[in-house]
1. Which trypsin sites (Lys or Arg not before Pro) from region 14-59 combine a DSSP loop assignment with at most 14 other Cβ atoms within 10 Å?
2. By the gyration tensor of its Cα atoms, with a ≥ b ≥ c the square roots of the eigenvalues, what is the shape of region 1-99: rounded for a/c under 1.5, prolate for a/b over b/c, or oblate?
3. Please give, to one decimal in nm, the separation of the simple spin-label points placed at residue 194 and residue 243, each 7 Å out from Cα toward the Cβ.
4. Using mean Cβ contacts within 10 Å as the protection proxy, how do 222-229, 6-13, 76-83, 104-111 order, highest first?
5. Show that you can apply the helix-only estimate: for the chain, add -39,500 (n - 2.57) for every DSSP H stretch of four or more residues, divide by all residues, and state [θ] at 222 nm to the nearest 500.
6. For the chain, take the longest principal axis of its alpha carbons; what is the angle in degrees between that and the long axis of helix 137-152, to the nearest 10 within 0 to 90?
7. Within the set of other residues whose C-beta is less than 15 Å from the C-beta of residue 208, count the net charge using Lys and Arg as +1 and Asp and Glu as -1.
8. Round to the nearest 0.05 the FRET efficiency obtained for residue 25 and residue 256 when R0 = 41 Å and r is the Cβ-Cβ distance.
Amino acid sequence: MSSRPLILVTNDDGYYSRGLTALAEALEAVGDVAVVAPDREQSGVARMISLGRPLRARPRGPSRWTVDGSPTDCVYLAIHNLLPRPPALVVSGINRGPNLADDVTYSGTVAGAMEAALLGLPAFAISLDGHSPFEFEPAAAFGVRVARLMLSRSWAPRTMLNVNVPDTKGAPVERFVWARGGRRDYGHIVTERLDPRGRTYYWLGGNRLDYEPVEGSDCDAVAAGVAAITPLDLDLTHHALLAELRDVDLPGPEKS
Ligand code: MN
């Protein structure tokens, strides 16, 4: 058995995305790579987990599987069943497009890393703020550096890193900052149209995403051509608000 660390790779763009291939190939320099990824695009599925239907995993080669489910399904299934030993690190990406600020709440890519973090494993998500045709190699090389760091020290439980890489047009990623999550502006666009049968349908979101400037944020960094690494805490409790609410009672029940 290999003494190299086992690294699990997943994503939400699907097994056949070039971002995943570039990442998996680059991580071979760090450890033994296993890939368990969705068999089709799952972008925007966030933390969806399949509890009410069977899942199928299809071998695609040595240490390679596709699963007809979400990134969360993939990581859960990989760690609890498919892999011969627990991975030392779980990496999700490289996503086509950034996962900045509030994107982390929608992203299937980030969700894959979250599942690993909840299972007690070091994990990071990595996304490329590029445009087609995406050049993933610089981001993959940056991911190798993050992987080496993650394997070299211990991390607080239930935490993960969210990595966003700017489009360097193929040049190496030279600058990075530790950043806080910023604030996205999604434009709140709903397009309402009629389908060919005359029924109304809605299409959420537009083409352009913006952001509000927030000092030290991931959005600001990537817009300036600097990679951003944001530590995320999966404890979603707002502890200050909890303390503030401790003695607050609810209004009494209505008298009927
Ligand atoms: Mn995606």
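Throughout, read-outs are computed from the coordinates displayed, never taken from laboratory work. Predicted, not measured: the structure shown is a model, and the values here were computed from it. Methodologically, a virtual Cβ is constructed for each residue, glycine included, from the backbone with ideal geometry; neighbour enumeration extends over all protein chains shown.
1. Counting only loop positions with at most 14 other Cβ atoms within 10 Å, the trypsin sites (Lys or Arg not before Pro) in region 14-59 are 40, 56.
2. Oblate, because a/c is 1.5 or more while a/b does not exceed b/c.
3. So the two model labels end up 5.9 nm from each other.
4. By packing density, highest mean first, the sequence is 6-13, 104-111, 222-229, 76-83.
5. Calculated mean residue ellipticity at 222 nm is -6500 deg cm²/dmol.
6. 90
7. Here the count lands on -4.
8. Once rounded, the FRET efficiency stands at 0.05.
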